[in-house]
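Chemist: Here you go, one structure.
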Amino acid sequence: MKKKLAPITELMDSLFQKKEDLEEVKKLVPISTWYRSIRYKTEKLWSCQRRVVTKVCYGSDGLKMRHVVTSLPASKIPPSKLYTKKYCPRGEIENRIKEQQLDLLADRTSTQTFQSNQLRLWIHSWAYVLINAFRQHC
């Protein structure tokens, strides 16, 4: 397992400073977020280079990195906008879908007839609309 992760670890080590060096940054900038975009190709899995956008947060919790692989060119959208305007809203939509399926049991259509399954989905959808209205007003 270590052999597979070694190239990725080496790549991240080459892109960003070590934690010891970041202690100096912490004194100058207590909480900071950086975005970086690179071209990267895995040794075997990817057939071509792809753009990897990395969000680096450094704060009281330490260093946190998140990576997004995209086909959108850097000339069209900078890394910060790609992450905040494209990636995050998509994740938020997926969270709402998961919320409806798991919390409101909207994925369950186990009755015998189409009409009863449709009624069940309507009830779950109404509950979801009420929860969203409550969330917006509170």
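Chemist: I need the full set of residues from the range 124-138 which are among the aliphatic types (A, V, I, L, M) and exposed (fewer than 12 other Cβ atoms within 10 Å of the Cβ), in order please. Give the steps one after another, and end with the answer.
Modeler: Start the filter on the range 124-138 by keeping residues that are among the aliphatic types (A, V, I, L, M), which leaves 127, 129-131, 133.
Correct list: Val129, Leu130, Ala133.
Chemist: Next up: Can you say whether Ser80 is over 30 Å from Lys55 (Cβ atoms), of a type in the set (Ser, Thr, Tyr) and either in contact with a strand residue (DSSP E or B) (Cβ under 6 Å, 6 or more places away or on another chain) or assigned to a loop (DSSP other than H, G, I, E, B) (or both), as far as the supplied structure shows? Full working, then the answer.
Modeler: On the way: over 30 Å from Lys55 (Cβ atoms): no; of a type in the set (Ser, Thr, Tyr): yes; either in contact with a strand residue (DSSP E or B) (Cβ under 6 Å, 6 or more places away or on another chain) or assigned to a loop (DSSP other than H, G, I, E, B) (or both): yes.
Spelling it out, it is not the case that Ser80 is over 30 Å from Lys55 (Cβ atoms), of a type in the set (Ser, Thr, Tyr) and either in contact with a strand residue (DSSP E or B) (Cβ under 6 Å, 6 or more places away or on another chain) or assigned to a loop (DSSP other than H, G, I, E, B) (or both).
Chemist: Scan Lys64, Lys76, Lys86 and give me the residue that is surrounded by 12 or more Cβ atoms within 10 Å (Cβ to Cβ) and within 30 Å of Thr42 (Cα to Cα).
Modeler: Details: Lys64 fails: surrounded by 12 or more Cβ atoms within 10 Å (Cβ to Cβ); Lys76 fails: surrounded by 12 or more Cβ atoms within 10 Å (Cβ to Cβ).
Residue meeting the stated conditions: Lys86.
Chemist: Looking at the range 89-101, can you tell me whether even one residue there is exposed (fewer than 12 other Cβ atoms within 10 Å of the Cβ) and part of a strand (DSSP E or B)?
Modeler: No, the conditions are met nowhere in the range 89-101.
Chemist: Continuing with the same structure: Can you pull out every residue in the range 50-72 that is within 20 Å of Lys86 (Cβ to Cβ) and assigned to a loop (DSSP other than H, G, I, E, B)?
Modeler: Of everything in the range 50-72, those that are within 20 Å of Lys86 (Cβ to Cβ) and assigned to a loop (DSSP other than H, G, I, E, B) turn out to be Ser71, Leu72.
Chemist: Pull up the range 102-138, narrow it to residues that are part of a helix (DSSP H, G or I) and β-branched (Val, Ile, Thr), then point me to the one that is farthest from the chain's Cα centre (by Cα). Steps first, answer last, please.
Modeler: Just the residues of the range 102-138 that are part of a helix (DSSP H, G or I), to begin with: 102-103, 114-137.
Next, from what is left, pick out any that are β-branched (Val, Ile, Thr): 123, 129, 131.
On the way: Ile123: 30, Val129: 25, Ile131: 24 Å.
Among them, the one singled out is Ile123.
Every read-out reported here was derived from the displayed coordinates using simple, explicitly stated rules and does not represent laboratory data. Note that this is a predicted model, so its numbers are computed, not measured. Counting neighbours? That spans all protein chains shown, and the Cβs are built from the backbone with ideal geometry, glycine included.
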